[in-house]
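*Asks:* Please read through the structure below; I'll follow up with questions.
The values are calculated or read from the model by the stated rules, or taken from the named source; none is laboratory data. Note that the coordinates shown come from a computational prediction; the quantities given were computed from them, not determined experimentally. In this analysis, Cβ positions are derived from the backbone assuming ideal geometry, glycine residues included, and neighbour counts consider all displayed protein chains.
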Amino acid sequence: MFTGLIEEIGKIKSITNLGGGIRIKVSASKIMDDVKIDDSISINGVCQTAVQIGNNEFEVIAIEETLKKTNFNDLKPNQEVNLERAVRLNDRLGGHLVQGHIDCVGKITSIIKSQTEHLVTISYPFEFAKYIIPVGSICINGVSLTVAKLDNKTFTVAIIPHTWDMTIFKNFKVGEMVNLEFDIIGKYLERLLDPHLNTSKDSLFSQFKSQPNI
């Protein structure tokens, strides 16, 4: 679990093809203080497991399913990425609850700079519109943000200068694809309230008993 508050910007050192997946080596400094093998690290909002630790670098393996749902196919050596270690239970929750499980990718359609903020508008697949609400939380490339404007095809976030400068947002370009994770609360509410998705305990128990050799 993460909070969507980026700890530092890392850099892709190498990408190795592994059949359907890829092995990614990332250089970092701050987060390496206590990172161990098997620790979870958010890379551009994607929860990954450290499989190797070196001198100011770590490696992860992104599987086929990850490549299908994220912008990891667009990663290149020397590219900067947002990094966050998994939250500890005694940490402040400065952002919102982020799983690191990407729902889909969106496309930056406009970037407007004002004196106090950058307004970034992103298009997204219509089937995910039900998970976005005005002034609700959304995670973009691992960063916890608030929806400032919303319609059925796009949403807009207002990014303060500190967040812009301390994340890879400063490298954003129109047309770029970004990882999106919607608020987990909305997904659970949908599951609870949709009668077509729910199955009663009695029904589950009946199915369980009807299985052979059980």
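*Asks:* Which count do you get for residues in the range 73-105 that are in contact (Cβ under 8 Å) with a residue 40 or more places away in the chain, over 11 Å from the mean Cα position of the chain (by Cα), under 20 Å from LYS173 (Cβ atoms) and outside any loop (DSSP other than H, G, I, E, B)?
*Replies:* Residues that pass the stated criteria total 3.
For every residue, the table says whether it meets (1) farther than 15 Å from GLY142 by Cα; (2) in contact with a Gly (Cβ under 9 Å, 6 or more places away or on another chain); (3) assigned to a loop (DSSP other than H, G, I, E, B); (4) in contact (Cβ under 8 Å) with a residue 60 or more places away in the chain.
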| position | (1), (2), (3), (4) |
| --- | --- |
| GLY10 | no, no, no, yes |
| ASN17 | yes, no, no, no |
| LYS25 | yes, yes, no, no |
| ALA50 | yes, no, no, no |
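*Asks:* Taking the stated definitions as given, is ILE37 out of contact with any Pro (no Cβ under 7 Å at 6 or more places or on another chain), surrounded by fewer than 15 Cβ atoms within 10 Å (Cβ to Cβ) and either hydrophobic (A, V, I, L, M, F, W, C) or not in a strand (DSSP E or B) (or both)?
*Replies:* In short, yes.
*Asks:* Another one. For the range 110-119, how many residues meet the condition of being surrounded by 15 or more Cβ atoms within 10 Å (Cβ to Cβ) and out of contact with any helix residue (DSSP H, G or I) (no Cβ under 8 Å at 6 or more places or on another chain)?
*Replies:* 2
*Asks:* Go over the candidates LYS130, LYS149, LYS173, LYS187 one by one and state the one that is modelled with pLDDT of 95 or more, among the basic types (Lys, Arg) and not in a strand (DSSP E or B).
*Replies:* Within the list LYS130, LYS149, LYS173, LYS187, the selection yields LYS173.
*Asks:* If a residue has to be surrounded by 15 or more Cβ atoms within 10 Å (Cβ to Cβ), of a type outside the set (D, E, K, R) and in contact with a Leu (Cβ under 8 Å, 6 or more places away or on another chain) to count, how many in the range 90-103 make the cut?
*Replies:* Residues meeting the conditions: 2.
*Asks:* Look through GLU64, GLU57 and report the one residue that is under 17 Å from the mean Cα position of the chain (by Cα) and either farther than 16 Å from LEU145 by Cα or surrounded by fewer than 20 Cβ atoms within 10 Å (Cβ to Cβ) (or both).
*Replies:* Selected residue: GLU64, the only one of GLU64, GLU57 that is under 17 Å from the mean Cα position of the chain (by Cα) and either farther than 16 Å from LEU145 by Cα or surrounded by fewer than 20 Cβ atoms within 10 Å (Cβ to Cβ) (or both).
*Asks:* Next question. Examine the range 106-117 for a residue that is within 15 Å of the chain's Cα centre (by Cα) and either part of a strand (DSSP E or B) or not small (Gly, Ala, Ser) (or both), and state whether such a residue exists.
*Replies:* So far as the range 106-117 goes, yes, one or more of its residues are within 15 Å of the chain's Cα centre (by Cα) and either part of a strand (DSSP E or B) or not small (Gly, Ala, Ser) (or both).
*Asks:* Which one is surrounded by the fewest Cβ atoms within 10 Å (Cβ to Cβ) among residues in the range 133-146 that are of a type in the set (Val, Ile, Thr) and not in a loop (DSSP other than H, G, I, E, B)?
*Replies:* THR146
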